[in-house]
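**Student:** Following this message is one structure expressed as structure tokens.
The values are calculated or read from the model by the stated rules, or taken from the named source; none is laboratory data. Nothing here was measured: the structure is a model prediction, and the numbers come from that model. So basically every Cβ, Gly included, is an ideal-geometry build from the backbone, and we count neighbours across all protein chains shown.
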Amino acid sequence: MSDSKDPIGIRKYDFVEFYVGSAKMVAYWYAKVFGMEITAYLGPETGVRDTVSYYLTKNDLKFVVTSPAQPGNFDVWGFIQKHGDGVKRWAIEVDDVSAAFNYATSRGAVMVRRPEKLEDTHGYVEEAAIRLYDDTELVYVNRDHYDYLFKPKYCVPVQQLNLEAKDTGVVGIDHIVGNVRENEMSLWADYFNSCMGFETFVDFKAGDIGTKFSALLSKVVRSADSVIRNPINEPYRGAKKSQIEEYIEQYYGSGVQHIAIQTEDIVKTIAALRENGMEFLNIPDTYYDMLRGREDLNIEESIDDLQKHRILCDKESKGYLLQLFTKPIGDRPTFFFEIIQRHGGSEGFGKGNFQALFESIELDQKLRGNLERKPEDVMPPC
């Protein structure tokens with residue numbers, strides 16, 4: 001096992017798979033915006049008639065983008081029709097897939113796929129999956145015995161695409177955030193802790209995160225060595241509709257709200273992402289006036305540079321973190337990305353940044369007409 005306190009031998013985040021309407025178009029966009037390489041391809045040309053998938057990589061960041069090639073592929077079509085483009089599954093690499101799966105299911109995890117070997121002439125990949133929020137999946141994967149691009153049925157891309165883009169310097173996944181309905185947060189935190197051997201190490205209660213208009217509750221669960229960190233958010237009633245409520249309404253259920261991507265130089269990364277076409281939330285200038293007045297904040301970066309690129313900064317445990325959130329990347333205001341850089345052993349999630357973040361999201365919600373509650377949603381007076 002990778003850690004004596006880790007009962008299932010977790011190594012790291014592996015891939016995230018998105019179900020989308022057009023895999024070719026979305027893969028091209030991801031490649032251009034994040035500076036990723038389309039490493040492998042699955043589709044009719046590789047013997048798979050009803051599905052098209054692109055495997056994209058950049059350092060330890062790994063995405064799979066999948067769409068249906070035929071009307072009969074209900075698994076993908078059904079997801080897209082209900083949720084729009086979104087995260088269907090995310091994977092963690094483990095020492096032993098069967099051991100991880102058996103540990104989880106013996107403690108109440110809902111099984112999706114039993115352990116199986118996917119084989120071809122290059123060897124085999126082992127996978128199994130359990131259920132997460134609604135119809136999301138968590139995959140256990142091990143490819144120690146596979147020596148090719150990704151996994152069987154994936155081949156070298158047949159498309160000839162010009163993927164020249166500014167180098168973004170993204171490294172890998174820092175954390176994956178789930179949004180769930182009211183009274184589901186503790187249920188899913190307990191699910192992770194029981195089935196995966198995780199622990200809850202952050203618990204934001206009522207009044208901890210929010211503005212005068214909207215708020216949320218959040219718990220963060222993590223693996224024994226903090227390689228995997230998963231915040232879980234649920235709505236908390238406020239005067240207006242929160243970002244979590246908007247997500248659940250627009251996504252039609254619980255699911256993955258955003259993925260935080262690591263970088264070692266967030267100023268250069270944000271500048272490159274903007275040049276490549278990514279849109280970010282706007283942070284007000286007053287936020288940076290407040291930063292300049294903080295005597296406890298000793299950072300390497302110039303606050304002028306942070307203001308220029310609208311990057312958030314907060315002191316956390318032994319160090320500090322820098323972060324910025326994109327606007328929703330699809331037509332529905334659901335999934336987005338976070339770009340994050342940690343300094344000096346910071347393991348938290350920037351509680352002090354949430355005020356500015358919420359105010360920025362509320363501005364976008366107002367533009368979409370989704371900030372105000374409907375009359376029937378208003379809480380009655382006490």
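**Student:** Whether any residue in the stretch 289-296 is at pLDDT below 75 and over 21 Å from VAL171 (Cα atoms) is what I want to check.
**Tutor:** There is no residue in the stretch 289-296 that is at pLDDT below 75 and over 21 Å from VAL171 (Cα atoms).
**Student:** Is it the case that the stretch 181-190 has a residue that's at positive phi and either assigned by TED's automatic domain parsing to the domain that holds SER242 or in contact with a strand residue (DSSP E or B) (Cβ under 6 Å, 6 or more places away or on another chain) (or both)?
**Tutor:** Scanning the stretch 181-190, I find at least one residue that is at positive phi and either assigned by TED's automatic domain parsing to the domain that holds SER242 or in contact with a strand residue (DSSP E or B) (Cβ under 6 Å, 6 or more places away or on another chain) (or both), so the answer is yes.
**Student:** Out of the residues in the stretch 141-185 meeting the condition of being part of a loop (DSSP other than H, G, I, E, B) and of a type in the set (S, T, N, Q), tell me which one is surrounded by the most Cβ atoms within 10 Å (Cβ to Cβ).
**Tutor:** THR168
**Student:** Same structure, new question: If ASP95 meets every condition in (1) in contact (Cβ under 8 Å) with a residue 60 or more places away in the chain; (2) closer than 22 Å to TYR30 by Cα apart from one, which number is that one?
**Tutor:** (2)
**Student:** Let me ask another. Which condition breaks for MET278 when tested against (1) in contact with a helix residue (DSSP H, G or I) (Cβ under 9 Å, 6 or more places away or on another chain); (2) modelled with pLDDT of 95 or more; (3) outside any loop (DSSP other than H, G, I, E, B)?
**Tutor:** Among (1) in contact with a helix residue (DSSP H, G or I) (Cβ under 9 Å, 6 or more places away or on another chain); (2) modelled with pLDDT of 95 or more; (3) outside any loop (DSSP other than H, G, I, E, B), MET278 violates only (3).
**Student:** Could you list, in sequence order, all residues of the stretch 40-63 that are basic (Lys, Arg) and more than 26 Å from LYS12 (Cα to Cα)?
**Tutor:** Scanning the stretch 40-63 gives a single hit, ARG49.
**Student:** Output the number of the condition that VAL20 fails; it satisfies all remaining conditions of (1) free of Cβ contacts under 8 Å to residues at least 40 places away in the same chain; (2) touching a helix residue (DSSP H, G or I) at 6+ places or on another chain (Cβ under 8 Å).
**Tutor:** (1)
**Student:** If ARG107 satisfies every condition in (1) among the basic types (Lys, Arg); (2) in contact with a strand residue (DSSP E or B) (Cβ under 7 Å, 6 or more places away or on another chain); (3) within 19 Å of LEU187 (Cβ to Cβ) but one, which is the exception?
**Tutor:** For ARG107, the exception is condition (2).
**Student:** Of the residues THR66, THR39, THR57, which is among the hydroxyl-bearing types (Ser, Thr, Tyr) and farther than 22 Å from GLU137 by Cα?
**Tutor:** It is THR39.
**Student:** Quick one: is GLU37 among the acidic types (Asp, Glu) and within 29 Å of ASN162 (Cα to Cα)?
**Tutor:** Answer is yes for this residue.
**Student:** I would also like to ask the following. Being among the polar types (S, T, N, Q) and closer than 13 Å to THR57 by Cα is the filter here, so list the residues in the stretch 1-42 that pass it.
**Tutor:** The one that is among the polar types (S, T, N, Q) and closer than 13 Å to THR57 by Cα: THR39.
**Student:** If I ask for residues that are assigned to a loop (DSSP other than H, G, I, E, B), modelled with pLDDT of 90 or more and within 27 Å of the chain's Cα centre (by Cα), which ones from the stretch 301-337 would you list?
**Tutor:** Scanning the stretch 301-337 gives GLU301, ARG310, ILE311, LYS327, PRO328, ILE329, GLY330, ASP331, ARG332, PRO333, THR334, PHE335.
**Student:** On to the next question. Looking only at the stretch 237-247, which residues are surrounded by fewer than 22 Cβ atoms within 10 Å (Cβ to Cβ) and in contact with a strand residue (DSSP E or B) (Cβ under 7 Å, 6 or more places away or on another chain)?
**Tutor:** GLY238
**Student:** Being outside any loop (DSSP other than H, G, I, E, B), farther than 30 Å from GLU164 by Cβ, not acidic (Asp, Glu) and not assigned by TED's automatic domain parsing to the domain that holds LEU61: is that true of LEU273 here?
**Tutor:** So LEU273 fails the test.
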